[in-house]
Every structure is written in structure tokens, then in C-alpha cells.
Amino acid sequence: MKQVVIILAFLGGLSGSLLQAQSTDLTSFDGVTDLVFEGQIGDIVVHPAPAERVMIKFMAGEEAARVPAKQEGGRLIIKEVVNDAITSQEGGAKVTSYPTSYQWDMYVPKGVSVQLTTATGSIRVLGGQGKMEATTATGAISVKDYQGKIFAKSSTGALSLDQVEGQCSISGGTGSIALAGGSGSWEVESGTGHIEAEALRLTGASSFRSGTGNVNLNVVNPGAENMDIHSGTGLAMLSLEGQKLTGTLVMGYAESKERGKVYKGKIRSPFQLEPAGEEKIAVGRNTQTNFLEQIELDGSKTQTKITTGLGKAQLKS
């Protein structure tokens, strides 16, 4: 059984079996398998733990504060409560103030499942192994040197993953998404932000899609797994950088007619593609036709698909 040790630092919030201590105290929890954090404005940094225990430090402004912790079986729940007053002595008088910043440092051992949620705070993961879920509305998320199952979502903040391994699901709204190194299966989606990926190794079927942003990828084993690259109105590009692509290459673009005008996407490829079908769909009051072209490069059964709506789909050798 793993022990969870918390440098407790903030009072309030949870009812039930609350476990509280001064900021200099250590409180241990036996049998914890899941760490759940619900925050509002605090910034979170997750570190790999040097021992078989989780340690959490919380700063409200420049003061170490208290944190409520509730254990339900193997589940440890921590809630951030903002706007609690801090009372100090100045010249013999009591002065009440409210912290304007919150900082959490969490040291988590391998195998502990972590679920982090915050409204405006940022989340940084500096290493570890297990299951990681990180969600923020407006803050940025960065994950480095992590192994396992990763889910990261930010509505408006930037997302970056560096040297991660495993099954990755990344969702962005308007912020950019940057991926560097690492290996795994990838499901990456952005509303309007750009997606940039460098030196990825695919170990399972993967997709990289943006509504209006550019999607620019480089993988070290192109064609080893099924891959889908798409941008609605931007550039969707796979850069081979001298590597050999295997399997079947499918590329596509759309043509749309609006008020008598024709708007059309483009495809660029070093290979001679053959028509592979078309599909008419309704887009509002207009009709859009999607065109596909393909070439079978060898006998491999994998498919690399690069498509755009009204932007450009490109395979760069």
C-alpha cells in the first residue's frame, strides 16, 4: 500500500473526515490510489515523488496555508477554497488581508492516479507514471517526461507535451498545441489553435485535427500506424524529412459554392495520386463536395490520411 503524506496548508471547504494540520506538520494516508484536486485559481506543479508517498505544499500568497483533505477509501480529495482571510499583526494591530495568488506543489509517486481540475490556474507536470487527467478553462498545461494514460484539456490556454509515452488525448480550444518527442497513440484536437508535432513515434492509430488552425507534423515512423491529419481551413501537413512513407496515402480537399462563388482547397504531394471518390454534404445553406485521392505505396495495410476543407493538404518529402 502506498502512503500519501501531505504538508497541509489550508483550512475550509470539505465536510466529513477532514484531516488538517499546521503547515509544518506531516499527515500520512494509507492505501491511497487516486488523488483528486478541485481548484479555482491556483497554479499547480506536479513533481515525481522521491519516495513512496505523496507530499503536497500549498502557498496562499506568500504564506503557507492549510488545505482540507478527505479520504474515501483509496480516494483522496482536496478542494481549493479562495478568498479566505489571512490575519497578521502589524504594530500591535490585527490586519486582515486576502491572498491574490495560490501555488500548489504536489509530489506524486508512480502508479497513483491523478485528476486535476482548475478554472484559471495553470498546470505543469514535470514527470511521473500512471494516469493523469488535467483540465483548466483558461490556464496553460504542460506535461514532460510522463508515462501512462494522459488526458489534457484547456479551453483557451496553450498545451505542450514533451517526451511523454502512452495513450494521449489532448483537447484545445483557441490555444496552440505543441508536441515534442515521445511515443504512443495520439488523439489531438483543437478548435482554432495550431498543432505542431516534432519527432513523434506512433505506437497506435492516431489523429491530429484542427478546425481552423494549421496542423504540422513530423513522425519518426511514418506509415507504421494509421494516421489522420486534418485542418478545416488551414494547412494540414506531414513532413517526411527524407523518411520513407509506407502503406496507403489518402489526401483530400473540399470545394464549396457560396453566392455564385467557388471556394476550393488544395493538395500537394510528391506522388501521383488517383481519384478515390467524392462526397457531397450540406454546410448550412450551401453544398460542399469533398474529394479524395490516393496511392498505394506498398503492401502495408496502414493508411496515412491528410485532408483539408478549404485550406491546403500537403505531404512534404
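The values are calculated or read from the model by the stated rules, or taken from the named source; none is laboratory data. Note that the coordinates shown come from a computational prediction; the quantities given were computed from them, not determined experimentally. Here the Cβ positions follow ideal geometry from the backbone for every residue, glycine too, while neighbour counts run over all protein chains shown. What goes into the accessible areas is simple: the full protein's heavy atoms, side chains included, and nothing from ligands, DNA or RNA. Shrake-Rupley method; radii C 1.70, N 1.55, O 1.52, S 1.80 Å.
List of remarks:
- For residue 41, the solvent-accessible surface computed with a 1.4 Å probe is close to 70 Å², ligands and nucleic acids excluded.
- For the range 222-236, 3J(HN,Hα) computed residue by residue from phi via the Karplus equation (6.51, -1.76, 1.60; θ = phi - 60°) reads x, x, 6, 9, 4, 9, 10, 10, 8, 9, x, 10, x, 8, 10 Hz, glycine and proline entered as x.
- For the range 170-185, 3J(HN,Hα) per residue [Karplus equation, 6.51 cos²θ - 1.76 cosθ + 1.60, θ = phi - 60°, Hz, x = Gly/Pro]: 10, 10, x, x, 10, x, 7, 10, 10, 10, 9, x, x, 8, x, 9
- Distance between the range 129-152 and the range 31-64 - C-alpha centres, whole angstrom: 14 Å
- Extended-chain gain in nm, criterion 0.36 nm per residue less alpha-carbon gap, residue 185 and residue 101: 26.6 nm
- Net charge in the neighbourhood of residue 267 (other residues with Cβ under 9 Å of its Cβ; Lys, Arg +1, Asp, Glu -1) is +2.
- For residue 298, the solvent-accessible surface computed with a 1.4 Å probe is close to 50 Å², ligands and nucleic acids excluded.
- Length released on extending from residue 316 to residue 286, taking residue separation times 0.36 nm less the Cα-Cα span: 7.6 nm
- The local environment of residue 134, defined by Cβ-Cβ distances under 10 Å, has a net charge of +1 under the rule Lys, Arg +1 and Asp, Glu -1.
- Averaging 1/r across all pairs of distinct Cα atoms in the range 120-236 and inverting the result yields a Kirkwood radius of 13.7 Å.
- Within the range 218-246: backbone nitrogen closer than 19 Å to the residue 297 label point (7 Å, Cα to C-beta): 218-231, 236-246
- Between residue 63 and residue 38, the FRET efficiency estimated from the beta carbon spacing at R0 = 22 angstrom works out to 0.55.
- Reciprocal mean inverse distance between Cα atoms of the range 147-208 - Kirkwood radius, Å: 11.2 Å
- Label-point separation, residue 212 to residue 271 (7 Å along Cα→Cβ), nm: 3.3 nm
- Karplus (6.51, -1.76, 1.60) ³J(HN,Hα), θ = phi - 60°, over the range 148-160, in Hz, Gly and Pro reported as x: x, 9, 10, 10, 9, 9, 9, 6, 10, x, 7, 10, 9
- Normalised convex hull volume, the range 161-311, alpha-carbon set, Å³ per residue: 107 Å³
- Solvent-accessible ranking of 253, 146, largest area first, probe 1.4 Å: 253, 146
- Counted over the range 269-317 with a bin width of 10 Å, the fraction of Cα pairs per bin, in whole percents, is 20, 48, 23, 8, 0.
- Between the beta carbons of residue 163 and residue 205, assuming R0 = 22 Å, the FRET efficiency works out to 0.55 to the nearest 0.05.
- Estimated FRET transfer efficiency (residue 243, residue 264; beta-carbon r; R0 35 Å; 0.05): 0.70
- For residue 161, the residues 5 or more places off, or on other chains, whose built amide H falls under 5 Å of its own are 143, 178, 179, 180.
- Around residue 252: net Lys/Arg minus Asp/Glu count, Cβ-Cβ under 10 Å: -2
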